[in-house]
Amino acid sequence: MQGFFRVMPLMGAAAWLLLSATAWSGEEEKPPLHHVPSANCGECHKEIYLQWSDSMHAKSTALNDPIHGAVYRLEAGDPTQEGVTHKATGAYPPCLQCHAPNAARDKSTKLDANPAYSEGVNCVVCHTMKNYKGIHGEDGKMRMGAAAYEFANDSLQGPDGGPHGSKPTFAPGSGGGEPTVNPFPQQANPMLFKGSDACLGCHQMMANPQKVAVCNIGENLLGKNTPAPTCQSCHMPVVNGFVSHEMAGGHDTNRVKKSLATTVAAKAEGDKVQAVVTLKNTLLHTLPNGAPFRNMVVKVTALNDKGEVVWSNFKENPMQEDPQSVLMLKLVNDEGQPVMPPQATKIGGDSRLQPGEQRQITYTIPAPGVKSVKAVVLFNLMTKPMIEKIGATIPEDLKKPAVVGQADALL
Ligand code: HEC
Ligand code: HEC
Ligand code: HEC
Ligand code: HEC
Ligand code: HEC
């Protein structure tokens with residue numbers, strides 16, 4: 001394994017593929033399972049491979065996710081160098097436990113050294129997870145991402161009982177083709193794979209160096225619903241006969257749109273108009289959710305009979321001009337000023353829609369001649385100050401607000 005590890009970075013992806021395929025079916029020395037690149041699995045599980053390739057799991061490292069990449073470079077360093085440390089603590093960057101778990105298992109920080117590192121959360125990350133230990137260690141320290149799992153080094157893990165690899169069958173998600181024999185030793189592990197434990201090591205909670213829980217999807221899902229639905233029940237539906245690996249979230253506008261119902265009602269009262277915007281979160285977790293800089297802004301405008309805007313709830317800065325129109329988890333410093341997640345010392349408020357919440361926001365519109373009121377809900381992957389700070393290297397489409405809800409009321 002030592003020898004293999006040394007020569008590996010010199011080989012191209014094709015050679016890697018060939019070698020690992022023959023290594024696993026032949027007698028030669030086997031590469032460790034957590035170095036098998038996803039393209040190898042994709043030879044048989046074609047459809048699953050394509051779904052995964054489009055997901056954020058495949059783009060989770062600083063090399064492929066420009067948003068994570070910009071923050072990682074600030075908080076740690078160059079993802080192509082060995083020996084990088086977390087600036088706040090001087091330790092191995094905790095980020096890699098979740099964003100590049102195969103590298104974390106080897107304590108490497110040179111993410112271009114191996115396709116199984118640069119692929120981030122790839123097939124073998126999840127399919128070698130054997131047992132979930134939980135994110136709270138006995139010593140009181142957090143165990144995040146890969147550190148929260150025990151891994152199998154000798155067999156892949158999956159949801160079903162088999163029999164595995166005994167005779168040619170259709171690989172799940174193969175998209176047709178010929179029956180094949182599963183080339184990997186495979187172990188049934190339904191207790192882990194059919195429940196949220198398969199996700200919670202990386203998704204339950206993320207604390208910054210000041211121990212502020214900057215992300216807590218699992219906590220709020222598990223805490224508020226009994227019995228809690230599994231993550232897979234929404235994120236991994238069976239489509240075309242196999243479990244989907246698309247795992248869409250905030251990067252998929254259509255997915256967010258589906259989670260929100262928006263209406264607006266308006267009536268004239270003397271020379272004013274009373275408008276009520278109603279938002280309903282149809283999810284069992286908060287909306288927005290996940291990364292704390294995700295936010296939604298409700299833009300309300302009143303139009304006259306020529307369709308001209310005669311009033312709006314804010315011009316430039318919704319947070320200052322109309323705070324109720326901003327839905328987000330507010331991370332602040334001791335002085336109460338908004339800061340980036342790593343610097344937060346406390347939670348300054350939470351205006352996100354809670355699971356299942358229906359919220360009304362009311363406006364008294366003073367403008368005369370109003371003929372209609374329009375509400376548009378915008379979803380942002382990042383906050384404005386964050387874009388100002390790290391936006392230079394981030395593509396425009398990730399900085400632009402996405403319309404995830406809209407409604408009109410005529411008077
Ligand atoms: C040569 C084709 C081939 C390759 C390459 C391959 N598989 Fe499979 N795989 C199969 C077949 C056939 C089955 C169904 C029979 C079985 O379960 O053993 C299967 C089943 C599975 C299952 C389902 C087991 C369950 O519990 O439902 C998982 C998970 C899986 N493979 C993951 C992987 C991963 C991860 C890789 C890459 C490391 C991979 N496979 C590479 C052919 C392949
Ligand atoms: C983020 C974790 C994760 C990643 C990454 C991942 N899987 Fe899975 N996979 C799962 C879970 C969880 C299940 C079981 C879901 C269930 O049964 O509800 C599963 C199920 C499967 C199955 C069985 C599907 C079926 O319908 O029988 C196969 C095959 C499989 N995965 C292959 C792959 C391959 C190939 C890749 C990489 C291209 C991959 N997985 C990447 C978590 C993952
Ligand atoms: C080994 C760690 C790990 C595991 C296990 C894992 N994830 Fe993830 N997941 C991540 C990371 C890291 C990201 C963020 C990638 C990014 O945006 O850079 C992510 C992103 C996501 C997203 C967001 C996609 C978007 O559009 O922003 C969803 C949804 C998701 N995961 C669902 C799941 C589900 C469901 C499971 C369990 C079946 C799971 N994950 C298991 C690490 C993991
Ligand atoms: C009832 C269905 C449902 C369940 C259960 C569920 N999710 Fe989600 N999740 C969604 C939808 C829909 C979205 C897209 C809306 C959004 O981004 O807030 C989403 C978004 C996400 C995101 C992306 C947030 C962002 O903006 O980038 C992550 C990560 C995620 N879920 C992980 C999980 C995990 C982990 C679990 C289990 C602990 C889980 N979800 C359970 C429906 C669900
Ligand atoms: C416990 C696991 C975990 C750790 C540790 C972790 N992250 Fe993440 N990170 C995630 C998950 C899961 C997501 C996806 C959440 C979502 O989609 O809302 C994410 C998303 C992000 C995003 C947003 C990416 C995007 O495309 O919008 C950034 C930026 C980020 N993380 C930076 C970091 C940095 C920097 C570190 C280390 C200081 C770190 N993370 C440590 C799990 C983790």
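The values are calculated or read from the model by the stated rules, or taken from the named source; none is laboratory data. Please read these numbers as outputs of a predicted model, since none were measured by experiment. Cβ: placed from backbone, ideal geometry, glycine included. Neighbour counts: every protein chain shown. SASA here: full protein model, heavy atoms, side chains in, ligands and nucleic acids out. Shrake-Rupley method; radii C 1.70, N 1.55, O 1.52, S 1.80 Å.
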Tell me yes or no: at least one residue of the range 90-97 is more than 16 Å from ligand 1 (Cβ to nearest atom) and touching a Cys at 6+ places or on another chain (Cβ under 9 Å).
yes
Can you pull out every residue in the range 92-102 that is open to solvent by less than 10 Å² (accessible area, probe 1.4 Å) and either in a helix (DSSP H, G or I) or not assigned by TED's automatic domain parsing to the domain that holds I67 (or both)?
L96, P101, N102
Looking at the range 374-385, I want the residues that are farther than 17 Å from T278 by Cβ and have a partner that is of a type in the set (F, W, Y) and crowded, with 21+ Cβ neighbours inside 10 Å with Cβ atoms under 7 Å, at least 6 apart or on another chain. Which pairs are those?
M382/F293; T383/F293
Only residues that are open to solvent by less than 60 Å² (accessible area, probe 1.4 Å) and either within 12 Å of ligand 3 (Cβ to nearest atom) or without any contact (Cβ under 8 Å) to a residue 24 or more places away in the chain (or both): list them for the range 260-294, please.
L283, H285, P288, N289, G290, A291, F293, R294
Every residue in the range 319-357 that is among the basic types (K, R), under 21 Å from the mean Cα position of the chain (by Cα) and assigned to a strand (DSSP E or B), please.
K330
What tally of residues in the range 366-411 results from selecting those that are hydrophobic (A, V, I, L, M, F, W, C) and not in a strand (DSSP E or B)?
11
Out of (1) within 15 Å of V297 (Cα to Cα); (2) without any contact (Cβ under 8 Å) to a residue 40 or more places away in the chain; (3) surrounded by fewer than 17 Cβ atoms within 10 Å (Cβ to Cβ), the one D322 does not meet is (3)
Flagged pairs (Cβ under 7 angstrom, 6 or more apart or on separate chains; first in the range 74-85, surrounded by fewer than 18 Cβ atoms within 10 Å (Cβ to Cβ); second among the charged types (D, E, K, R)) are T80/K110; T80/D112; Q81/K110; E82/K110
Residues being open to solvent by less than 40 Å² (accessible area, probe 1.4 Å) and assigned to a loop (DSSP other than H, G, I, E, B) - total across the range 237-250
5
